[in-house]
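Following: one structure in structure tokens, then a few remarks.
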Amino acid sequence: MNLIAVSSHQPVTAADGCQDPVLLNDWHVVGYSSDFVAGTIYPVRLLERELIVWRSEDGSIHVWEDLCIHRGARLSKGWIKNDSVVCPYHGWEYNGSGACTLMPAAPDEKPMKKAKAFPYSAVERYGFVWTCLGEPAEDIPVFPEWDDEVFMKVHSGPYPYAANGFRAVENFIDASHFPFVHAGLNGVMDKPDRLEPYTVEEVDSGLRSSEVRVFQPWGDARGKPLVAFYTYHAFRPLVGYFSKRTQDSDTEGNVISDQSDTFATLFTVQPLDAVNCIVRVCAAMNVSPRPDPEAVRARADVVFGQDRDIVESQRPERIPTELRYELHHRTDLMGQRYRTWLRNKGISYGVI
Ligand code: FES
Ligand SMILES: [Fe+2]
């Protein structure tokens, strides 16, 4: 039985792919706002469903099932005409509200009421396009630095991972891999950080850790050694975030300045299916002077490339939310709590 509260107007393809109500009723990023320009239809994949994204002349964004209700042709093979989507099979035209306005084989007849596209909720926020395939259970998570002008924002990615989205998020909220996966950047392989005990609590915005202290020889795009204090969040099952407070240090990791800066990152995952995803991130930083955005992106490309390589190697591909399947140390508390949190939400898709 389908537990999702949905309108009766559902594509037959809704029976395919993910049926997990928690994920279907959540918001997922399907691209950067800048990816989508008016006049073109863009196919995207989400939770094994084929969708289209298109933008009207007035700037509004649409996410629809990639399906024409007439005979099931893919709208992504069609085109835009008069600010409407034209189906490539029999030329039916759908306007921005999803209504069919023309059936060319009967141009004088008003299209049937049921002749409609299958639109989903679509919102642009933080430079991303978000969609929800069901009924949104909550609003899109808050990216605290987004509206603060003091923070420079830099988007990076997309980073396709041939890996499970939850594995990708868990990697993002894991501090003990830095000296190995990001040796020379976020940690030192010959001198791994000793992680002091930290706590994780469930708050309104999700799961949040207390500060985790690490030494980073190349902690951000400025290339300076830093001591970083990470506060990790899992806002949603597939949206992570950290805020790291940084202080300048010497090359041995001794703090040399009282001044703290903040570098935050919103980490979004578009689950294509249970074992493939696309990561897109937006960093926010208040360092002065502002770094070159290209340098920020270049560093993110390296770091997320390193993460991708290791996450793609993890087996089983689906994250075990039953703790007994892998081994958890106190230094993994954030990941351990994340898995339990997924389990308590009742997530059944993409997990074992
Ligand atoms: S299948 Fe789309 S118009 Fe016929
Ligand atoms: Fe990493």
Is it the case that segment 65-75 has a residue that's away from ligand 1 (no atom under 12 Å from the Cβ) and under 26 Å from the mean Cα position of the chain (by Cα)?
yes
When the residues of segment 286-313 are narrowed to those that are out of contact with any Asp or Glu (no Cβ under 9 Å at 6 or more places or on another chain), touching a residue at least 40 places away in the same chain (Cβ under 8 Å) and not in a helix (DSSP H, G or I), which ends up farthest from ligand 2 (Cβ to nearest atom)?
Arg290
Name the single residue, out of those in segment 251-285 being under 18 Å from the mean Cα position of the chain (by Cα) and in a loop (DSSP other than H, G, I, E, B), that is surrounded by the most Cβ atoms within 10 Å (Cβ to Cβ).
Ala274
Scanning segment 48-71 for residues that are open to solvent by 40 Å² or more (accessible area, probe 1.4 Å) and either within 25 Å of Ala274 (Cα to Cα) or out of contact with any strand residue (DSSP E or B) (no Cβ under 7 Å at 6 or more places or on another chain) (or both), the one nearest to ligand 2 (Cβ to nearest atom) turns out to be Glu48
How about segment 83-99: which of its residues are farther than 14 Å from Ile52 by Cβ and in contact with a Ser or Thr (Cβ under 9 Å, 6 or more places away or on another chain)?
Asp83, Trp92, Glu93, Asn95
Exception for Arg245 within (1) modelled with pLDDT of 95 or more; (2) away from ligand 2 (no atom under 16 Å from the Cβ); (3) in a loop (DSSP other than H, G, I, E, B) falls at (3)
Selection from segment 303-321 of residues acidic (Asp, Glu), within 18 Å of Leu238 (Cα to Cα) and open to solvent by 50 Å² or more (accessible area, probe 1.4 Å) yields Glu312, Glu317
Would you point out which residue out of Phe128, Phe166 is touching a His at 6+ places or on another chain (Cβ under 9 Å), at pLDDT 95 or above and either buried (at least 16 other Cβ atoms within 10 Å of the Cβ) or within 24 Å of Ala298 (Cα to Cα) (or both)?
Phe128
Checked Gly240, Gly184, Gly165 against criteria (farther than 25 Å from Gly31 by Cβ and within 16 Å of ligand 2 (Cβ to nearest atom)); the one match is Gly184
Sole exception among (1) at pLDDT 95 or above; (2) part of a loop (DSSP other than H, G, I, E, B) for Ala5, by number
(1)
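Residues checked against (1) assigned by TED's automatic domain parsing to the domain that holds Gly127; (2) open to solvent by 30 Å² or more (accessible area, probe 1.4 Å); (3) under 18 Å from Asp307 (Cβ atoms):
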residue	(1), (2), (3)
Asn171	no, no, yes
Pro179	no, no, yes
Ala183	no, yes, yes
Gly187	no, no, yes
Pro192	no, yes, yes
Glu196	no, yes, no
Ser210	no, yes, no
Leu226	no, no, no
If you take the residues in segment 85-124 that are open to solvent by 20 Å² or more (accessible area, probe 1.4 Å) and hydroxyl-bearing (Ser, Thr, Tyr), which one is farthest from ligand 2 (Cβ to nearest atom)?
Thr101
If Lys81 meets every condition in (1) under 16 Å from Ala38 (Cα atoms); (2) surrounded by 16 or more Cβ atoms within 10 Å (Cβ to Cβ); (3) of a type outside the set (Asp, Glu) apart from one, which number is that one?
(2)
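The values are calculated or read from the model by the stated rules, or taken from the named source; none is laboratory data. All of these numbers come straight from a predicted model, not from anything done at the bench. Note that each Cβ is placed from the backbone with ideal geometry, even for glycine, and that neighbours are counted across all protein chains shown. What goes into the accessible areas is simple: the full protein's heavy atoms, side chains included, and nothing from ligands, DNA or RNA. Shrake-Rupley method; radii C 1.70, N 1.55, O 1.52, S 1.80 Å.
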